[in-house]
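One structure is given here, and the rest of the page talks about it.
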């Protein structure tokens, strides 16, 4: 597939990241694959957010809020981590066994998976 055939700007960004990794970083031991995956994850979160925002009325308001918070955390917006942590602790359906590790990295990992 050629980059010219892609219509979405997010698809083009993802294509560029993967092509650059394939051409320059795949055989380079100094390239951290987790950083590549984090970039791809951020693009996927933006795709999800765009889809939800286009049809916001069709989704549960809690899901919309959660997806927006998740996107803000992954995009490293100031205060987003604390807001997401507070939101998760205040959920009415939050299970007792779902204890949240206070570290920001753990929250980011839980958001991604």
Residue match in the stretch 43-56 (condition: outside any helix (DSSP H, G or I) and either modelled with pLDDT of 80 or more or within 14 Å of the chain's Cα centre (by Cα) (or both)):
yes
Please go through the stretch 57-89 and give me each residue that is outside any loop (DSSP other than H, G, I, E, B) and either within 12 Å of the chain's Cα centre (by Cα) or under 12 Å from residue 10 (Cβ atoms) (or both), ordered by number.
66, 67, 68, 69, 70, 71, 72, 73, 74
Would you mind finding the one in 59, 87 that is at pLDDT 80 or above, touching a helix residue (DSSP H, G or I) at 6+ places or on another chain (Cβ under 7 Å), surrounded by 10 or more Cβ atoms within 10 Å (Cβ to Cβ) and on the phi < 0 side of the Ramachandran plot?
87
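The values are calculated or read from the model by the stated rules, or taken from the named source; none is laboratory data. Quantities reported herein were computed from a predicted structural model and do not represent experimental measurements. Every residue, glycine as well, gets a Cβ built from its backbone with ideal geometry; the counts of neighbours run over all protein chains shown.
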